[in-house]
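The values are calculated or read from the model by the stated rules, or taken from the named source; none is laboratory data. Keep in mind that what you see is a predicted model, and the values were worked out from it rather than measured. Cβ sites come from the backbone with ideal geometry, for glycine too, and all protein chains shown count toward neighbours.
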Amino acid sequence: MALFSAERLTMVFGGLTAVSDFSLELNEGDLVGLIGPNGAGKTTVFNMISGNLRPTGGKLILQGEDITGFRPNAITRRGIARTFQNIRLFQDLHVIENVMISYHGRLRSSFLGAVLRTPLYSREEKEMVEGAMALLRKVHLEDQAFLQAGGLPYGQQRRLEIARALATNPKILLLDEPAAGMNPQETRELMDFILNVKEDFGLTVLLIEHDMRLVMGICRRIKVLDYGVTIAEGTPQEIQNNPRVIAAYLGEEGLDEGGEDVA
């Protein structure tokens, strides 16, 4: 049985079908890329999976449980975490505080327990600080723990956003254009970072990305959307040589593993 499956997901806004009959299976340890031109429906797919949108049709199955229509917090608790194309950090808070916020969903103590500083809350608070620091150590942000998040370089802010997602203890990590705004050197470093995080945390990863170097360099399987419809799925080599992908998505430039962002 697949770890996760999307079965014929459809999203209609008014009279516009943004995504039609989208299906996907993720097995443990997969690293899958979702690509397509702007407006193809990629982020709509992420929004349905993460609970930000309720699908008009279709199902979402996580480890045998139908999670279709669940709220984002319920989906996060079940093991799906995501990042966003536009970085969403608490810019004025410390780096470690940004990570600690994500731990709150895992706390057992109540609001009253926090006010009264009960033994359970004090113990969990200590574990939360230690856990956040350990996580920052793994993503090489330990030295920045007590700096304001908004003052970090762009690449480190991306890493912090991923660290915050990891703090929810996910099984599946959804990365929405993690290389957006990065220069080639930062993108190369991000590729290694994603692979290391995937192995260190035993994750299954689904990512949206326009940078073909990153997609072709790390994804085992790629799915291509065009106008909300799946037009191809396969290995990087199969996608590179797929005439329909080249015609619909990449045009005359073609799909070059070493080329620039072509979307």
Those residues of the range 35-60 which are more than 18 Å from Pro178 (Cα to Cα) and crowded, with 19+ Cβ neighbours inside 10 Å, in sequence order: Met48, Gly51, Leu53, Pro55, Leu60
Result of the Cβ filter at 6 Å on the range 192-212, keeping first residues that are assigned to a helix (DSSP H, G or I) and partners that are modelled with pLDDT of 95 or more and not small (Gly, Ala, Ser), at least 6 apart or interchain, is Leu195/Ile218; Lys198/Val205
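Table: residues versus (1) assigned by TED's automatic domain parsing to the domain that holds Met191; (2) farther than 25 Å from Ile194 by Cβ; (3) in contact (Cβ under 8 Å) with a residue 24 or more places away in the chain.
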| position | (1), (2), (3) |
| --- | --- |
| Ala18 | yes, yes, yes |
| Phe46 | yes, no, yes |
| Gly58 | yes, yes, yes |
| Asp66 | yes, yes, no |
| Ile75 | yes, no, yes |
Which of the numbered conditions does Gly228 fail, given that it passes all the others? Conditions: (1) surrounded by 21 or more Cβ atoms within 10 Å (Cβ to Cβ); (2) of a type in the set (Gly, Ala, Ser); (3) closer than 13 Å to Leu31 by Cα. (3)
Across the range 219-230, which residue is farthest from the chain's Cα centre (by Cα) among those that are more than 18 Å from Arg82 (Cα to Cα) and of a type in the set (A, V, I, L, M, F, W, C)? Val229
Those residues of the range 178-187 which are part of a helix (DSSP H, G or I) and within 18 Å of Leu206 (Cα to Cα) amount to Thr187
Condition first: over 16 Å from Val215 (Cβ atoms) and either more than 14 Å from the chain's Cα centre (by Cα) or of a type in the set (D, E, K, R) (or both). Now tell me which residues in the range 30-56 satisfy that. Gly39, Gly41, Leu53, Arg54, Pro55, Thr56
